[in-house]
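In what follows, a structure is listed as structure tokens, so that the remarks can point back to it.
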Amino acid sequence: MDSFAATRSRMPDLEDRIAADPGGFRVLTGERPTGKLHLGYYFGTIRERVRLQALGVETFVILADYQVITDRDTSAHVADSVRSAVLDYLAAGLDPTTTTIFTHSAVPALNQLMLPFLSLVTEAELRRNPTVKAERAASGRALSGLLLTYPVHQAADILFCKGNLVPVGKDNLPHIELTRTIARRFNDRYGQVFPEPEAMVTDAPEIPGLDGRKMSKSYGNAIALSMTTDETADAIRRTRTDGERVITYDPERRPGVSGLLSTAALCRGTTPEQIAQQIGDRGSVMLKQLTTDAVNDFLAAHRRRRAELESDPAVVSDVLRGGNERANVIADSTLAEVRDHMDMGYANAR
Ligand code: TRP
């Protein structure tokens, strides 16, 4: 069994434990602010965070802004992406009075945890990390020191607040494994401070992009939550389909058609096969029309709330100021505890 299958098989038991004791869990999860959040994010993670929040699990959402510059040499779009993500979080139902939304660049003590953590891993372990390898290959450039060590930074993101539950995508599982290793080694060496966090994966199907590949900001095949209805229609119209009149769900042979069917099905809460049946022999034009309506209907309330929030320029900065403040209090206290355990607490307040 691979680690994804293994993690997935633990989910029913985890759900039971969460339902029995939501206060026993602290969720830390988040993403790199590299562009606009899209439908894939919504179904894959945002909806899940809102669900956990509703169950009463304390939730932290990190916008990992320093992680953007691991593999690119500009921070030009970070600020816009951060603002846009906060608006989407709020519109989707994350409540900033219970959920802490913050950026790791604004939390110095979190970043300082990286120093003792780096001492607990070897260069060979860092070089073996499959995501580091994949991202290095994808970037087509020399491995930066920050890219090589970002899984350790991610461990600091999680452990600064003693997060014990981390909802992540499949590709992030090695980082959670490394976070557990770092927690264990720290505790063994200096005494018990950190939990060994558990990964959580959803069984939401991976949403295909408009071309049938995984929906991704970098493939240009995504439907952003913040698009207008017209932009949505345009993006869907541009999808490469085929001339066959009868619409069928066949991801291998008809990736474009099937991507649209999956998108429409998720938005309508049904299956791609059912949507295909509904369209029958009315071809791609009909499929595109139906998918556009499904997406625009599904996102209408989200977009309405988002526009309202956006009309008040103070909303985003207020949320981030509050979240960063709360994260700093927690990070300062964890760092003081770490220094104490390392016998470096000489300057801590008594
Ligand atoms: N690496 C994650 C991603 O690319 C983003 C991330 C940064 C994260 N820090 C985290 C996710 C801590 C979960 C927990 O999507």
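Values quoted throughout were computed directly from the atomic coordinates according to the rules given, and no laboratory measurement underlies them. Note that the coordinates shown come from a computational prediction; the quantities given were computed from them, not determined experimentally. Don't worry about glycine lacking a Cβ; one is built from the backbone with ideal geometry, like all the others, and counts go over all protein chains shown.
Please identify the trypsin sites (Lys or Arg not before Pro) of the range 103-153 that satisfy two criteria: DSSP loop assignment and at most 15 other Cβ atoms within 10 Å. Which are they?
On the way: sites: Arg127, Arg128, Lys133, Arg136, Arg141; in loops: Arg141.
Sites meeting the loop and neighbour criteria: Arg141.
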Relative contact order (%) - criterion: Cα under 8 Å, at least six apart; region: the range 1-150: 24 percent
Amide hydrogen neighbours beyond the local backbone of Lys214, cut-off 5 Å, H modeled: Gly209
Span from the the range 249-276 Cα centroid across to the the range 144-192 one, whole angstrom: 37 Å
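When all alpha-carbon pairs of the range 184-334 are counted, what percent fall beyond 20 Å? Don't skip to the answer; put the middle values down first.
On the way: 6932 of 11325 pairs.
When every Cα pair of the range 184-334 is considered, 61 percent fall beyond 20 Å.
Taking 0.36 nm per intervening residue step and subtracting the Cα-Cα distance, what contour gain separates His77 from Asp332 on full extension? Numbers along the way, then the final one.
Values: separation 255, 0.36 × 255 = 91.80 nm, distance 2.90 nm.
Using 0.36 nm per residue and subtracting the Cα-Cα distance, I get 88.9 nm.
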Cβ-defined net charge surrounding Ala233, 14 Å radius [Lys, Arg +1; Asp, Glu -1]: -1
Whole-Å distance, taken between Cα centres, linking the range 1-31 and the range 282-318: 30 Å
Shape parameters for the chain, alpha-carbon atoms, Rg then Dmax in Å: 21.5, 76
Karplus (6.51, -1.76, 1.60) ³J(HN,Hα), θ = phi - 60°, over the range 300-315, in Hz, Gly and Pro reported as x: 4, 5, 4, 5, 5, 5, 4, 5, 4, 4, 5, 6, 10, x, 7, 4
Sequence-distant residues sharing a close amide H with Ile101 (under 5 Å, placed H): Val61, Gly323
Furthest towards positive pole of dipole, Val285, Ser105, Ser226, structure part the chain, Cβ charges: Val285
For Thr271, residues with placed amide H under 5 Å, excluding near neighbours: none
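Nearest-5 percent of antiparallel DSSP beta bridges in the chain? Before the final figure, lay out the partial values.
Values: 2 of 16 bridges.
Rounded to the nearest five, the antiparallel share is 10 percent.
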Set Lys170/Lys288; Lys214/Lys288; Lys170/Lys217; Lys133/Lys170; Lys36/Lys170 screened for pairs whose C-alpha atoms are more than 26 Å apart: Lys170/Lys288
Relative contact order for the range 229-310, counting Cα pairs under 8 Å that sit 6 or more residues apart, in percent: 33 percent
Cα gyration tensor category, rounded, prolate or oblate, for the range 110-178 with a/c compared to 1.5: oblate
Karplus-derived HN-Hα couplings along the range 245-258 (A = 6.51, B = -1.76, C = 1.60, θ = phi - 60°), whole Hz, x at Gly and Pro: 5, 7, 8, 10, 8, 8, x, 5, 8, 10, x, x, 4, 6
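Can you give me the Kirkwood hydrodynamic radius for the range 229-310, using every pair of distinct Cα atoms, in Å to one decimal? It would help to have the intermediate numbers written out before the result.
Values: mean 1/r = 0.0772 Å⁻¹.
Kirkwood radius, the range 229-310: 13.0 Å.
Normalised by the number of residues in the chain, what is the relative contact order in percent for Cα pairs under 8 Å and 6+ residues apart?
Working: 529 pairs, mean separation 72.4, N = 350.
Once divided by the residue count of the chain, the mean separation gives 21 percent.
Scan the chain and hand back the longest stretch that contains none of the GluC sites (Glu not before Pro) lying in DSSP loops with at most 15 other Cβ atoms within 10 Å. Present the calculation step by step, with values, prior to reporting the outcome.
Values: sites that count: Glu206, Glu244, Glu252.
Formally, the longest exposed-site-free interval is 1-205.
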Between 0 and 90°, nearest 10: helix 145-159 axis offset from the chain longest Cα axis: 80 degrees
